[in-house]
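Take a look at the structure below.
The values are calculated or read from the model by the stated rules, or taken from the named source; none is laboratory data. None of the values given here were measured: they were computed from a predicted structure. Neighbour counts are summed over all protein chains in view; Cβ atoms, including those assigned to glycine, are modelled from backbone coordinates with ideal geometry. Surface areas here come from the heavy atoms of the whole protein model, side chains and all, with no ligands, DNA or RNA. Shrake-Rupley method; radii C 1.70, N 1.55, O 1.52, S 1.80 Å.
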Amino acid sequence: MGNLDNVRASMKPRPPYCCGTLPVTPDTCTLFYTGTGVDDHAGKMNLLSATSEELHHLTCYCRAQSPTANNFTPAQLNAIEIATTFDVEHCRLTEAIRSELLEGGNSKRPLQLLVQHLKIYDAECHEIFPPVLPATKEGSASAGQPSLLDVCLHEYRLVKSHEESRMFSLSLDEFCDVFGLSSVEVRRRESTNLCTNEGTPEGFATVLVVFPTDIEGGALLLRQGHHEWAIDFAELFARTAQTSVAFLAFYDDVQFAVRKITSGHCVILTYRLHFPTNNDIPLATLERKDVYDVNSLETGITELLLDPGILPEGGYLAFGLHSQYMSTSRSVVDVGNHLKGRDAMIACILSSLSIPWSIRILYRNVGWTEFSFLADHIVDLSSHGEVHHLMETLESPEIVCFVGARGEPDRKRARLDENAVEGKDATDIMLVSTRPSAWSFHSHYVAGGREVMMGNLYGDACIIAERPSLAMIRGGRDQRMEC
């Protein structure tokens, strides 16, 4: 085989279908069903462990629900009559179908599966399969390989069925002229194709999910033009060691039927595959009562930072948390990676303004001495004995001093004990929030001194934002102007 033959062989079109198996568990295959009448009862069944008697009862129930049904047609429950714990999105079935069925730009587009109905085939029913279409002169090809006419019609139908069909303005006659096809033969092929009727539900392909049951016969036949494929799901189930369901996806120009069942039941859940659009997703209506306005919050924080009277010597701005959080360790710094609600909004605004921030605990000690400090972790002194030198026990924490909006000492919130912090520089901190933090801590310790007493540590987890001094701001501004 030469190079040209190799290229031609590699250009052979893919089959218009894909199939496989999908591992499942019993809790993901429960079927809930009901009829559409007033007096219809509801029921449920696990499709992985259903007995022949249960399936026979369900088959009779489904046929009784439909006045047009008979023993020669499969029993059927429509989408509004069923619910199932089988979740195609969770099983990532669309990803498997996309990689095998779609090519080109469509292989990256999102897909959506919509349940259509559940059908049950038994030994009494059969479906009439349309006769085989003979190969035409233009479409003569080797067995098993689609003809040029099949391939061209297949692509034409797919493009015209998509929501982007407005971009494909060729009529069928113009399409035939471009590709040198006989318009008479194409129209005859179109008229004999049972899958091109107006009743085809929205989408471009059908996906069948087949559940494992005790069955003899019942293989699925696929037909596209004069080409046929047979899929025996019993063989697929036999080749997998895990409990699984089987799936089969095929384009709309492919017809399918179920071969005669000797005994047992074949349970098939049918989906339609399509490309979702914005119109397919209903928008939620948000009740904006007391919703935090992000624009006003961003404006307020920006004006606060630009105010020269706020912490002129630099310091910290403390925002009490509005939500409680869980920490896997004593450290609270990592909580900053998963803030929520208003806390996340404040952190986002600070980051957008290039203001350094972190989650820290603002502690206030009440004992022989009273002072406040910042910690990156939860402080617990309950396992210590008498604590005589709290500063040493806390390993020299960062002392802070509460100040007001203009930098004046805020004696109302805490009393700074100069003896306790002798030799320590206290950093000014201003509380922005008017309410305490929703995530707070309280612990006891034995405070030794002139006499033994119980000491208390009160902590509030806060977003602590750094506020540089005016001198640093002016220095940075002057440095940028020189550059």
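Taking the stated definitions as given, is Leu374 closer than 30 Å to Leu339 by Cα and out of contact with any strand residue (DSSP E or B) (no Cβ under 8 Å at 6 or more places or on another chain)?
Considered against the rule, which asks whether it is closer than 30 Å to Leu339 by Cα and out of contact with any strand residue (DSSP E or B) (no Cβ under 8 Å at 6 or more places or on another chain), Leu374 comes out as no.
Can you name the residue in segment 319-345 that is surrounded by fewer than 16 Cβ atoms within 10 Å (Cβ to Cβ) and of a type in the set (A, V, I, L, M, F, W, C) and, of all such residues, is modelled with the lowest pLDDT?
Met326
Within the bounds of segment 192-202, is there any residue that is hydrophobic (A, V, I, L, M, F, W, C), in contact with a Pro (Cβ under 9 Å, 6 or more places away or on another chain) and either modelled with pLDDT of 70 or more or open to solvent by 70 Å² or more (accessible area, probe 1.4 Å) (or both)? Don't jump to the end; show me each part of the working.
First pass over segment 192-202, keeping only residues hydrophobic (A, V, I, L, M, F, W, C): 194-195.
Subsequent filtering for residues that are in contact with a Pro (Cβ under 9 Å, 6 or more places away or on another chain) retains 194.
With either modelled with pLDDT of 70 or more or open to solvent by 70 Å² or more (accessible area, probe 1.4 Å) (or both) added as a condition, the list becomes 194.
Yes - at least one qualifying residue is present in segment 192-202.
Can Val115 be described as open to solvent by 40 Å² or more (accessible area, probe 1.4 Å) and modelled with pLDDT of 60 or more? Show your work before the answer.
Numbers: open to solvent by 40 Å² or more (accessible area, probe 1.4 Å): yes; modelled with pLDDT of 60 or more: yes.
Spelling it out, Val115 is indeed open to solvent by 40 Å² or more (accessible area, probe 1.4 Å) and modelled with pLDDT of 60 or more.
Determine, yes or no, whether Ala230 is free of Cβ contacts under 8 Å to residues at least 40 places away in the same chain and not charged (D, E, K, R). Full working, then the answer.
Values: free of Cβ contacts under 8 Å to residues at least 40 places away in the same chain: yes; not charged (D, E, K, R): yes.
So Ala230 fits the description; yes.
Tell me whether segment 234-255 contains one or more residues that are in a strand (DSSP E or B) and open to solvent by 40 Å² or more (accessible area, probe 1.4 Å).
no
Being touching a Gly at 6+ places or on another chain (Cβ under 9 Å), at pLDDT 85 or above, part of a loop (DSSP other than H, G, I, E, B) and of a type outside the set (Lys, Arg) is the requirement here; does Ser433 meet it? Don't jump to the end; show me each part of the working.
On the way: touching a Gly at 6+ places or on another chain (Cβ under 9 Å): yes; at pLDDT 85 or above: no; part of a loop (DSSP other than H, G, I, E, B): yes; of a type outside the set (Lys, Arg): yes.
Criteria not met by Ser433.
This table checks each residue for (1) over 13 Å from Ile464 (Cα atoms); (2) assigned to a strand (DSSP E or B); (3) in contact (Cβ under 8 Å) with a residue 60 or more places away in the chain; (4) of a type outside the set (Gly, Ala, Ser).
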residue	(1), (2), (3), (4)
Asn295	yes, no, no, yes
Gly300	yes, no, no, no
Pro308	yes, no, yes, yes
Glu313	yes, no, yes, yes
Met326	yes, no, no, yes
Ile361	no, yes, yes, yes
Asp380	yes, no, yes, yes
